[in-house]
Each structure stands twice: as structure tokens, then as C-alpha cells.
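Undergrad: For reference, the structure I am asking about is given below.
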Amino acid sequence: MKGNIIKSIIARQVYDSRSNPTVEVDMLLEDGTVGRGIAPSGASKGRFEALELRDGDKDRLNGKSVFKAISNIKNIIAPHLYGMDVNDQKSIDRILISIDGTENKSKLGANAILAVSMAVAWAGANVNRMPLFQYLGGDSARLVPTPMIQIIGGGAHANQAIDLQDFLVIPINSTTFSEGYEMVVNVYHGTKKIFNELGKPLGIADEGGLWPTDFVSNEEGLELLMRGIEAAGYVPGDDIAIALDIASSEFYHPEIKKYVFNLENRLFTSEEFVEYLCDIQKKYPVISIEDGMAEEDWEGHQQLSERLNHKVQLIGDDLFTTNIKRIEKGVKSGISNAVLIKMNQIGTLTETLEVIKYTQESGYLPVISARSGETEDTTITHLAVATNAGQLKVGSVARTDRTVKWNEAIRIEEKLGQKAEYLGKHIFDQIKKTEK
Ligand code: PGA
Ligand code: ZN
């Protein structure tokens, strides 16, 4: 039993995939076991997220260094955790929440708290010699997530080259994760080929997707994606479905209550933007729309939900910010039918698990998600399997901060062997089932 005891906690500043500083924690146990957690970081953050503590020192790393968060771990958090049983994740997370004491973790920083919480989980799994998914989810953890993968990246992840943020695909006609992933890799290369054939300049966006540099409209992204799917030899809608993360809070102007497409010089009222999304959904095989409306436009969300909910998956990211209180409000008014789960929006693993459970019990679908700023950390892949969430969104199939998570799913699927389950086409039943 003594082996499980927390002996020391090391916190350091490391760097994420966008070369911004972030918090890494090593949790050392009495028997020499180590667990590591690294906090991710978003670019299109929701207003209601837990606070990511940065130093704000303009002379250093553009104010983004995280030494305050690190000193909070060393001086405030660590002394509370020494001598605790690392397997008691819930109590440890409760302590983290209570010593912070704020609604949005602004005292210690959600980046400090989450890195500790993740390191505790890994140390707990490692000391028990178990894979993390099994340690967290037990024997019932067996649903390997169906991937939702970015092919073209826009919005805040591509310097606003295009207003919509993520053009993604879901390999619906696949029966295992590995098979589905291979299909998406083909679509990525197929789409790249189309870009090249059209002579379109190409960059790589923050999450590894293709960066459109000379588009004239947002729909051009969808057109290219359709052609990319076909170039890979698949039938859009039958083999590969489209998902969109509109991230509309990024281009909603609350002072004039308008959605503004800079690329097209086009303004929409809330009603008009609902129409725009419904048209897109009719025209293309779109089965999932994230943050179709802005985080404060609940009326718009209500309208969009009346039109599309249960026909497609409507995911709340900025809308819900992985926060039970906000999801509860959505559930009560029938807004959306899915929740994007980002650990650092809420700040501890225990709270994340509670949010996923609440989401599932409410008949909503959880989609586990990375942030646009990521690292070699693979916690979210294990989290997706542990909770049988069913879907995972990590960005694209290029760049190691993305592929580490996908490759981990391939390994987990192999480890589960015959026990592994997978949604694939059953995603449609799941979406339908959200209609009670
Ligand atoms: P972020 O965006 O991590 O940059 O906030 C990802 C998303 O909107 O899903
Ligand atoms: Zn989003």
C-alpha cells in the first residue's frame, strides 16, 4: 500500500505544439513510480472556461510564461498532497478544488490544477500496472472512439484565412477504429491532391489540417472536402460523413447581434445564420455541427436546435464549456444534443468524469476533444475509452501532437482485442436516440 503514496511533485514549464509555454507535472510515488500530466491550451476559448493562468510579463514569451502556475503547484498544492494515496483521485481533486476556492479556478490556475490531476491519474494507473483507460473505466471500458478528424483548418487555427474553423470528417462506413482512421488518412491525402491539382497554395493549420490560403468563400472548403473524399475513392455520405466546427463565437459581434463572414464580406442576423447552416446541411452530408451559434446567442441555439437537433449531432463547445451548470441549462431547454468535452475547460479529471456521466445520463452525446495547443500527452484517448464516450476529436492526421493520440487508440484497440467495440455507422442511431 505504501507504494501508492505521493512522495514528491515536480512542476516545470514545457512547450506546446504552437510553441507556447505550458505546465508539466511529474508525480513521484514512494515506490519510484512516476505519472506525468501536461496541460493543453486552446485558441478559440469559450468565455466561460476555467482560467488558464499566465504570467502576463510582456518581456517574456509574450506574457505567456506559466511560472506563477508552477509556483502555485510547488508552494500551495504540493504540500497538501504529500503523503496522500495517489489512487484516491476524487479526494485529491476535491482538495485541489477547495484550495483554489474560486468558481473558475482563477486563484491557482486551471492549467496548474489540471496538470496535477492528470499526473495523479497516470501515477495511479502506473502503480497498478494498468493502462489508464482500464484504471479509470474498469472492465466495461471497451468502446474505442469513432474519430472526428479535421481535414481543413480555418478560423483561429489558420489566422482567420477562412471564417469557419474546422472542416472535419467521420468515417461512418468503418467497423474498427484502425479501419476508420486509415480511411481518413486517405481523405487527407486525397484532399491535398485536389489542392495541388488546382494549384492552390497550401499551409498546415494549428491542428495539422490543410490551411486554405486563397479561398473566396467558406463553402469552397466544403466543395474541396467533397472532392477530396471522392479522390480517395469514397462516397460522401455513405462512407465518409462531414462534421463542422463553426466556432461561431469567434465571428459573432454581440454589439450589433450579427454573424460576420470577413472572407465573404457578409453579415447575418441570427435567423439568417440558422438558415445558412440549414442550407449547408441540406447540400452536403453534414452529420455534426459544433457551436453553430455563438456562446451568448441562446435564442439562436434554440432556433437551430428546433430545426436540426436529432437530425444531426449539435455539439456545444464554447456553449457548454464542459460545465454541468451550463449543460443543465441546455438540457432543460432542449438545446443541442452533444457536448464537447475538454478537460481544461473545467480543470480536474474528476469533474470531467462527472460532466461526461451527466451528459450520458441526460441522453446527450459526449465528444472527447483535444485543444488546438497540444503536446505528447495521451490522456484524452484513454478518457474516451474509459467512459465509453464513443467519439474523439483531436484535430488532423498530421503532426505528432495529434498522431500520438490517434496512435494510442490503435494500440488500445489492439489491446482490447475481441472485447473492443466501435460505433461507426451506429453514430446515426446514437444521434436519433437523443430524441426522447
Ligand atoms: P481551441 O479550439 O482548442 O482552439 O479552443 C478547438 C475547438 O474549438 O474545438
Ligand atoms: Zn469547438
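The values are calculated or read from the model by the stated rules, or taken from the named source; none is laboratory data. Note that the structure is predicted; figures quoted are calculated from it, not measured. Heads up, the Cβs are rebuilt from the backbone with ideal geometry, glycines too, and the neighbour counts pull from every protein chain shown. Heavy atoms of the whole protein, side chains included, go into the accessibility calculation; ligands, DNA and RNA do not. Shrake-Rupley method; radii C 1.70, N 1.55, O 1.52, S 1.80 Å.
Undergrad: Given the condition open to solvent by 40 Å² or more (accessible area, probe 1.4 Å), farther than 25 Å from LEU136 by Cα and not assigned by TED's automatic domain parsing to the domain that holds SER91, answer yes or no: does some residue in the range 336-346 qualify?
TA: Taking every residue of the range 336-346 in turn, none turns out to be open to solvent by 40 Å² or more (accessible area, probe 1.4 Å), farther than 25 Å from LEU136 by Cα and not assigned by TED's automatic domain parsing to the domain that holds SER91.
Undergrad: Of all residues being under 16 Å from ILE77 (Cβ atoms) and either touching a strand residue (DSSP E or B) at 6+ places or on another chain (Cβ under 9 Å) or open to solvent by 30 Å² or more (accessible area, probe 1.4 Å) (or both) in the range 39-51, which is farthest from ligand 1 (Cβ to nearest atom)? Just the residue, please. Let's see the steps before the verdict.
TA: Step one: list which residues in the range 39-51 are under 16 Å from ILE77 (Cβ atoms), which gives 39, 50-51.
Right, trim to either touching a strand residue (DSSP E or B) at 6+ places or on another chain (Cβ under 9 Å) or open to solvent by 30 Å² or more (accessible area, probe 1.4 Å) (or both) and you get 39, 51.
On the way: ALA39: 12, LEU51: 14 Å.
The residue in question is LEU51.
Undergrad: Which residue is nearest to ASN186 (Cα to Cα), if the candidates are limited to the range 205-227 and must be of a type in the set (A, V, I, L, M, F, W, C) and over 25 Å from the mean Cα position of the chain (by Cα)? Let's see the steps before the verdict.
TA: Here is the first cut: in the range 205-227, the ones of a type in the set (A, V, I, L, M, F, W, C) are 205, 210-211, 215-216, 222, 224-226.
Pick out the ones that are also over 25 Å from the mean Cα position of the chain (by Cα) and you get 215-216.
Working: PHE215: 23, VAL216: 26 Å.
Going through the qualifying residues, I end up with PHE215.
Undergrad: I've got another one for you. Could you check the range 240-258 and list, in sequence order, the residues that are part of a strand (DSSP E or B) and within 16 Å of ligand 1 (Cβ to nearest atom)? Walk me through how you get there before you give the answer.
TA: Quick first cut of the range 240-258, residues part of a strand (DSSP E or B) only: 240-245, 252-253, 258.
Across the range 240-258, the qualifying residues are ILE242, ALA243, LEU244, ASP245, TYR252.
Undergrad: In this structure, does VAL23 turn out to be under 30 Å from GLU250 (Cβ atoms), buried (at least 18 other Cβ atoms within 10 Å of the Cβ), free of Cβ contacts under 8 Å to residues at least 60 places away in the same chain and of a type in the set (Val, Ile, Thr)?
TA: Considered against the rule, which asks whether it is under 30 Å from GLU250 (Cβ atoms), buried (at least 18 other Cβ atoms within 10 Å of the Cβ), free of Cβ contacts under 8 Å to residues at least 60 places away in the same chain and of a type in the set (Val, Ile, Thr), VAL23 comes out as no.
Undergrad: Across the range 386-436, what is the number of residues that are open to solvent by less than 10 Å² (accessible area, probe 1.4 Å), part of a loop (DSSP other than H, G, I, E, B) and over 21 Å from LYS357 (Cβ atoms)?
TA: Selection size over the range 386-436: 1.
Undergrad: Here are ASP93, ASP100, ASP166: which of them is within 16 Å of ligand 2 (Cβ to nearest atom) and open to solvent by less than 10 Å² (accessible area, probe 1.4 Å)?
TA: None of the others qualify; the one that does is ASP166.
Undergrad: Test HIS382 against the stated conditions and say whether it is farther than 22 Å from HIS157 by Cβ, surrounded by fewer than 24 Cβ atoms within 10 Å (Cβ to Cβ) and of a type outside the set (Gly, Ala, Ser).
TA: Numbers: farther than 22 Å from HIS157 by Cβ: yes; surrounded by fewer than 24 Cβ atoms within 10 Å (Cβ to Cβ): no; of a type outside the set (Gly, Ala, Ser): yes.
So HIS382 fails the test.
Undergrad: For the range 196-209, check the following and say yes or no: at least one residue is under 27 Å from ASP279 (Cβ atoms) and among the basic types (Lys, Arg).
TA: Yes: the range 196-209 contains one or more residues that are under 27 Å from ASP279 (Cβ atoms) and among the basic types (Lys, Arg).
Undergrad: Note down all Cβ pairs under 9 Å where the first residue falls in the range 60-81 and is within 15 Å of ILE92 (Cβ to Cβ) and in the same structural domain as THR22 (by TED's automatic domain parsing), the second is assigned to a loop (DSSP other than H, G, I, E, B) and of a type in the set (A, V, I, L, M, F, W, C), and they're at least six residues apart or on different chains.
TA: As it stands, the answer is ILE73/LEU108; ILE76/LEU108; ILE77/LEU108, since those pairs meet every condition given.
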